[in-house]
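See below for the structure under consideration.
The values are calculated or read from the model by the stated rules, or taken from the named source; none is laboratory data. In this text, all values refer to a predicted model and were calculated from it rather than measured experimentally. A quick note on method: Cβ atoms are made from the backbone with ideal geometry, for glycine too, and the neighbour counts reach across all protein chains shown.
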Amino acid sequence: MKIIAFGGSNSKHSINKKLATYVSHLFQDYEVEVLDLNDFALPLFSVDLEKEIGQPQLAKDFLDKIGSADLLVVSMAENNGNYSAAFKNLFDWASRQNKEVFQQKTMLLMATSPGGRGGASVLEIAKTAFPRYGANIKAVFSLPNFNDNFDIQHTIISNPELDHQIKEIVAGF
């Protein structure tokens, strides 16, 4: 069984990638591969550019990674209440090759942010939109106040209540 995990950000210090990495390793008996969106950097999508360059291999590679998974652990970064530009661009390119970007894979959808809402806006958008693109969202989790609730040194959720909550969600899979 294989998990593909990623944070929906291209930040080298992505808190969402840290959360996705931690949570994906809570699953027992899974091989885990954590993707870095920087490995899938593409030019800004436009139909004109698509006509000029065709469908980029990196978007196909991303789709292949999704296709190799039994479970997706995705933590969305929130930029101005929406997806990060890096994620949205990769998603746009990938969806031109396969509208079902998430290929009916079971997904644990998450978000975190430094603020108290924990990426609530982007979670709501993704929770509504992703099923139209082949996501089978089984559970949603938000980690508010990342800097207060996550121990970066030990890469764990430091808030016992929230850690228990995510472990209960994982056990439900």
Name the residue, out of A59, A86, that is more than 20 Å from F141 (Cα to Cα), crowded, with 18+ Cβ neighbours inside 10 Å and touching a residue at least 60 places away in the same chain (Cβ under 8 Å). A86
Can you find a residue in region 37-45 that is at negative phi, among the hydrophobic types (A, V, I, L, M, F, W, C), in a loop (DSSP other than H, G, I, E, B) and surrounded by fewer than 18 Cβ atoms within 10 Å (Cβ to Cβ)? yes
Tell me the residue from N136, N98, N89, N80 that is of a type outside the set (G, A, S), more than 14 Å from I15 (Cβ to Cβ) and modelled with pLDDT under 95, please. N80
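Taking I169, is it assigned to a helix (DSSP H, G or I) and among the aliphatic types (A, V, I, L, M)?
yes
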Residues being buried (at least 19 other Cβ atoms within 10 Å of the Cβ) and free of Cβ contacts under 8 Å to residues at least 60 places away in the same chain - total across region 12-31: 2
Unique match (being in contact with a Gly (Cβ under 8 Å, 6 or more places away or on another chain), polar (S, T, N, Q) and closer than 29 Å to G54 by Cα) among S84, S113, S121, S95: S84
Need the failing condition index for R117 against (1) under 16 Å from A77 (Cα atoms); (2) at pLDDT 95 or above, just the number. (2)
Please go through region 152-168 and give me each residue that is at negative phi and either at pLDDT below 95 or among the basic types (K, R) (or both), ordered by number. I152, Q153, H154, I156, K167
Search result, residues across region 57-77 that are in contact with a helix residue (DSSP H, G or I) (Cβ under 6 Å, 6 or more places away or on another chain) and not in a helix (DSSP H, G or I): V73, S75, M76, A77
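Results for (1) of a type in the set (S, T, Y); (2) without any contact (Cβ under 8 Å) to a residue 60 or more places away in the chain; (3) surrounded by fewer than 14 Cβ atoms within 10 Å (Cβ to Cβ), shown as yes or no for each residue.
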{"site": "K127", "(1), (2), (3)": "no, yes, no"}
{"site": "A135", "(1), (2), (3)": "no, no, no"}
{"site": "L143", "(1), (2), (3)": "no, no, no"}
{"site": "D148", "(1), (2), (3)": "no, yes, yes"}
{"site": "T155", "(1), (2), (3)": "yes, no, yes"}
{"site": "P160", "(1), (2), (3)": "no, yes, yes"}
{"site": "K167", "(1), (2), (3)": "no, no, yes"}
Check whether at least one residue in region 67-77 is surrounded by 14 or more Cβ atoms within 10 Å (Cβ to Cβ) and either among the charged types (D, E, K, R) or at pLDDT below 95 (or both), and report yes or no. no
